[in-house]
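Written out below as structure tokens is the structure these notes cover.
What follows draws every value from the coordinates through simple rules; no lab data is involved. In this text the structure is predicted, and so the values were computed from the model without any measurement. FYI the Cβ positions are ideal-geometry reconstructions off the backbone, even for glycines, and counts take in every protein chain you see.
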Amino acid sequence: MDKSVSLSTHAHTGALAVSVAELGKSNLPWRRAAQKIAFAFLWLMGTLAVAALLAVIGYVVFQGFKVINIEFLTRPPRGGLSGEGGISTTIVTTVYLVLLTVGIAAPLGICAAIYLVEYAGEMQGRTGLLPRLVEVARFGVETLAGVPSIIFGLFGYALFVTAMHLGFSLISAALAGACLILPVIIRATEEALRAVPRSYREASLALGTTQWQTVWGVVLPAALPGIITSIILSVGRVISETAVFYVTLGGSYKMPTSIFSSGRTLALHVYYLAMDTRAFDKAMGTGAILIVAIVLINLTINYLSHRVRAKLGGK
Amino acid sequence: MQLPVKLEVRNYHLFYGNFRALKDVTICIPRNQITAIIGPSGCGKSTFLRTFNRMNELIPGVRVQGQVLMDGQDIFAMDPVELRQRVGMVFQRPNPFPKSIYDNVAYGPRAHGIRDRRRLDEIVERSLRDAALWDEVKDDLNKSALALSGGQQQRLCIARALAVQPEVILMDEPASALDPIATLRIEELIQTLKQRYTIVIVTHNMQQAARASDFTAFFMMDEQRAGLLVEYGPTRDLFTRPSDKRTEDYITGRFG
Ligand SMILES: Nc1ncnc2c1ncn2[C@@H]1O[C@H](COP(=O)(O)OP(=O)(O)OP(=O)(O)O)[C@@H](O)[C@H]1O
Ligand SMILES: [Mg+2]
């Protein structure tokens with residue numbers, strides 16, 4: 001009796017196994033084919049996307065390097081319709097503007113983010129004036145990050161250039177540019193701070209440290225790579241921005257002598273060359289320099305995050 | 001029991017929002033003894049432990065009722081920063097800072113104002129020795145703490161807690177993430193520490209409580225899932241002749 005039962009069970013599973021095997025066999029060629037088609041399709045799309053990007057960069061760099069030489073880099077533009085001369089003053093202006101803009105925005109943005117995450121974080125869900133304001137500030141940062149940059153330009157023109165009588169100048173442009181990158185820095189720093197594990201904060205507080213000591217001693221060092229990345233990103237943003245500076249910086253091709261000087265950045269110079277002169281090749285050359293700068297920035301970010309990860313991993 | 005009392009809890013309740021996590025807990029924890037807290041998951045052991053260094057306050061919406069005294073002083077009247085200096089904690093998961101071994105141990109003393117390099121060296125060495133880690137790490141104190149094994153990391157966390165010279169050490173399942181050998185090392189270590197510290201340790205492991213503690217408190221949940229203290233006494237008594245039926249069921253494995 002027992003035997004027959006076990007036998008029939010066996011027979012049953014045996015039949016099932018066979019049918020599954022048959023099923024697998026019958027559609028295996030089809031599944032293989034589907035896999036091949038899917039991969040081929042993805043490969044094609046991926047290649048197309050990368051090719052398009054490389055074409056843009058390759059074209060600009062290739063065209064650009066025809067005009068790039070020491071003279072191009074060290075001579076000022078001569079101005080006028082011909083577009084003759086180099087780009088030395090625009091490089092200097094770009095560097096000044098980056099330093100000024102990031103110098104204004106980074107401390108503000110980092111401190112604001114620390115406040116929002118480490119101190120105002122506890123206010124979530126509470127009522128009262130301050131929590132309300134914090135909530136509004138958060139929402140404001142989110143919104144500003146998505147506002148088109150020309151709006152910041154308009155604002156900068158109205159407030160710094162006109163109302164505050166700073167004129168078309170590095171300082172007007174830097175202030176307007178700082179408004180532009182502030183949300184970038186705040187949000188990236190907030191993210192970096194939030195990514196610091198709660199257990200670090202608890203461990204520090206449990207040792208009898210104040211909240212500030214915890215922020216300074218543990219949270220900030222752990223978030224530093226992210227914060228530095230946010231700063232480097234915003235450097236790239238300033239280098240490649242045109243709209244804001246078009247309406248605040250004035251566009252002089254002369255060497256800036258103070259923060260009240262007018263000037264033009266590399267990106268603006270590309271714009272002026274392409275629109276107002278016949279020197280399209282020089283526009284390409286300037287564009288190539290811009291691309292090289294951006295690539296260098298990205299490489300720096302990669303290098304930094306690699307090194308930090310290695311260090312945290314204990315190597 | 002005629003032992004001097006270090007921590008005293010009277011009619012203590014704790015609420016997470018409207019949820020009562022601890023209900024009417026009254027207990028006296030003796031000085032320089034190891035007190036184990038056992039009970040089923042979710043009965044409020046961690047919550048209770050975090051009472052003594054007021055870490056629960058960091059969670060929004062937490063309310064407490066009742067009294068908690070350390071050496072007869074109300075801990076809720078103290079500055080929490082000062083309290084945490086006197087009541088150290090080791091967490092369930094090893095949580096060293098992403099810094100060097102040295103900086104991890106020196107973190108607390110530095111925060112409390114010790115700047116002198118020689119003093120710091122002394123403290124770091126003594127703390128690592130006390131935590132039975134010195135011999136393994138003395139040659140590379142500048143190595144990242146994250147490169148240590150889990151058991152070493154947990155001993156580093158103990159060293160870090162010892163470095164601020166607390167009076168009480170709270171441990172929340174300090175060995176739950178470790179293998180049996182590392183667990184035994186931590187248990188031995190705890191035995192040697194009790195001469196100088198009052199230790200309160202949460203554990204899931206009945207054998208651990210039985211072999212490594214002097215007193216045991218058994219917590220359980222009531223129908224509303226509020227944690228309450230069922231039985232408390234010398235560990236040997238509690239495990240050999242529990243006075244409460246629920247304790248007996250729990251320690252013999254018939255429950256939870
Ligand atoms: N931050 C919190 N907010 C709300 N409720 C919480 C919070 N932390 C814990 N609780 C609740 O309080 C009760 C006790 O939790 P606690 O972590 O103290 O239990 P435990 O005994 O340590 O459990 P385990 O053995 O699983 O660690 C649980 O019901 C839990 O859901
Ligand atoms: Mg717990």
> Can you pull the three principal axis extents for the Cα set of segment A:156-315, in Å, largest first?
Replying inline: 65, 39, 23
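What does the C-alpha gyration tensor say about the overall shape of chain A? Classify as rounded when a/c is under 1.5, otherwise prolate if a/b is larger than b/c, or oblate. Kindly include the intermediate steps, with their values, before the conclusion.
Working: a/c = 2.87, a/b = 1.50, b/c = 1.91.
Verdict is oblate for chain A.
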>> Net charge within 13 Å of residue A:247 by Cβ-Cβ distance, Lys/Arg positive one each and Asp/Glu negative one each, not counting residue A:247 itself?
In response: 0
> For segment A:42-53, in order, what is each residue's ³J(HN,Hα) by Karplus, 6.51 cos²θ - 1.76 cosθ + 1.60 with θ = phi - 60°, in whole Hz (x at glycine and Pro)?
Replying inline: 4, 4, 4, 4, x, 4, 4, 4, 5, 4, 4, 5
> Between A:40, A:208, B:70, whose Cα lies farthest towards the positive end of the dipole of the protein assembly as shown when Lys and Arg beta carbons carry +1 and Asp and Glu beta carbons carry -1, centred on the Cα centre?
Replying inline: A:40
> Along the positive direction of the dipole of segment B:1-137 (beta-carbon charges: Lys, Arg +1; Asp, Glu -1; about the Cα centre), which of B:92, B:4, B:114 reaches farthest?
Replying inline: B:92
> What whole number of Å gives the distance from the Cα centroid of segment B:16-62 to the Cα centroid of segment A:19-89?
Replying inline: 59
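Show me A:187-193, A:66-72, A:165-171 ranked by packing, highest mean number of other Cβ atoms within 10 Å first.
Values: A:187-193: 21.6, A:66-72: 13.6, A:165-171: 18.9.
By packing density, highest mean first, the sequence is A:187-193, A:165-171, A:66-72.
Placing +1 at every Lys and Arg Cβ and -1 at every Asp and Glu Cβ, with all other atoms neutral, what dipole size does segment A:70-312 have around its Cα centre, in debye to the nearest 20?
Working: 17 positive and 12 negative charges, 50 e Å.
Computed charge dipole of segment A:70-312: roughly 240 debye.
What net charge do the residues around residue B:222 carry, taking every other residue with its C-beta under 11 Å from that of residue B:222, with Lys and Arg at +1 and Asp and Glu at -1? It would help to have the intermediate numbers written out before the result.
Values: positive: B:20, B:23, B:225, B:246; negative: B:24, B:223.
That sum, taken over residues with Cβ under 11 Å, equals +2.
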> Any idea what angle helix B:180-193 forms with the longest principal axis of chain B, computed on alpha-carbon atoms, 0 to 90 degrees, nearest 10?
Replying inline: 90
>> In segment A:156-179, whose amide N lies under 20 Å from the spot 7 Å out along Cα-to-Cβ of residue A:137? List them in ranges.
In response: A:178-179
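What's the average, rounded to a whole number, of partner chain beta-carbon atoms within 10 Å of each residue's beta-carbon in B:155-163? Spell out each step's value before the answer.
Values: counts 0, 0, 2, 0, 0, 4, 3, 0, 1.
Averaged over the peptide's residues, the number is 1.
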> Can you tell which of B:58, B:216, B:38 lies farthest toward the positive end of the dipole of the protein assembly as shown, using +1 and -1 charges on the Cβ of basic and acidic side chains (Lys, Arg; Asp, Glu)?
Replying inline: B:58
> Looking only at Cα atoms, what is the convex hull volume of the protein assembly as shown per residue, in Å³?
Replying inline: 264
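Given charges of +1 on the Cβ of Lys and Arg and -1 on the Cβ of Asp and Glu, with all other atoms neutral, how large is the dipole of the protein assembly as shown about its Cα centre, in debye to the nearest 20?
900
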> To the nearest whole number, what is the average tally of beta carbon atoms from other chains within 10 Å of the beta carbons of peptide A:206-219?
Replying inline: 6
>> Test of understanding: in a Gaussian network model of chain A with alpha carbons linked when under 10 Å, which of A:264, A:75, A:237 would top the mean-square fluctuation ranking?
In response: A:75
> Angle between the Cα long axis of helix B:150-162 and the longest principal axis of chain B, 0 to 90 degrees, nearest 10?
Replying inline: 90
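How large is the charge dipole for segment B:32-148, taken about the Cα centre, if only the Cβ atoms of Lys, Arg (+1) and Asp, Glu (-1) carry charge, to the nearest 20 debye?
Working: 17 positive and 15 negative charges, 55 e Å.
Computed charge dipole of segment B:32-148: roughly 260 debye.
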> Against the longest principal axis of chain B, how steep is helix B:101-111, in degrees 0 to 90 to the nearest 10, with axes from Cα atoms?
Replying inline: 70
> With r defined as the distance between the Cβ atoms of residue B:222 and residue A:44 and R0 fixed at 45 Å, what FRET efficiency is calculated, to the nearest 0.05?
Replying inline: 0.10
> Percent relative contact order of chain A, based on C-alpha pairs within less than 8 angstrom and at least six residues apart?
Replying inline: 25
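Provide the net charge surrounding residue B:44, with neighbours chosen by a C-beta distance below 13 Å and charges set as Lys +1, Arg +1, Asp -1, Glu -1.
Counting the neighbours of residue B:44, the net charge comes to +2.
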